[in-house]
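Only the coordinates and a few stated rules stand behind these numbers; no lab work does. Model, not experiment: these values are computed from the prediction. For neighbour counting, all protein chains shown are included, and Cβ atoms are generated from backbone atoms with ideal geometry for every residue, glycine included.
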Amino acid sequence: MNWSPLALLLLASCTTKEGFNEDFVEEYCGLLTACEVLDIYGYRSSSDCTDEASGLTENCDFNDEAADSCIEDIQATGCRDLWEYNLPESCSGVCKG
């Protein structure tokens with residue numbers, strides 16, 4: 001099968017639920033660890049965060065565009081942002097409805 005560059009780009013930009021959740025947990029727990037606020041968010045350790053955190057809700061109507069924005073916004077979030085705003089607003093749109 002011969003894929004066009006545009007088709008490959010479109011496939012690469014679509015995030016799956018599972019892929020999003022893995023990326024979310026990695027970025028979110030990494031941010032909490034780096035900012036030394038795991039305990040404030042209810043985690044005893046980074047491994048607890050990795051085991052328990054999720055970017056998805058039950059019965060999630062998944063929005064892949066919001067998921068991509070959420071991950072990018074977490075990556076751009078600093079500790080001060082975390083203290084003032086919690087998670088980026090884009091993360092609340094990942095599960096519609």
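Please report S47, S69 as a ranked list, fewest other C-beta atoms within 10 angstrom at the top and most at the bottom. Numbers along the way, then the final one.
Details: S47 10, S69 18.
In increasing order of surrounding Cβ atoms, one gets S47, S69.
Which of the three applies to segment 13-97, rounded, prolate or oblate, going by the alpha-carbon gyration tensor with a ≥ b ≥ c and a/c under 1.5 meaning rounded?
Values: a/c = 1.90, a/b = 1.47, b/c = 1.30.
Because a/c hits 1.5 or more and a/b exceeds b/c, segment 13-97 counts as prolate.
Toward the positive end of the charge dipole of segment 33-97, about the Cα centre and with charges on Cβ (Lys, Arg +1; Asp, Glu -1), which of I40, I71, L56 goes farthest?
Of the candidates, I40 comes out farthest on the positive side.
Might you report the magnitude of the Cβ-based charge dipole of segment 16-96 about its Cα centre, with Lys and Arg at +1 and Asp and Glu at -1, to the nearest 20 debye? Could the numbers behind the result be given before it?
Numbers: 4 positive and 20 negative charges, 42 e Å.
Dipole magnitude for segment 16-96 comes out near 200 debye.
Over segment 19-97, what is the relative contact order in whole percent, taking alpha-carbon pairs under 8 Å and six or more residues apart?
On the way: 81 pairs, mean separation 28.3, N = 79.
Rounded, it is 36 percent for segment 19-97.
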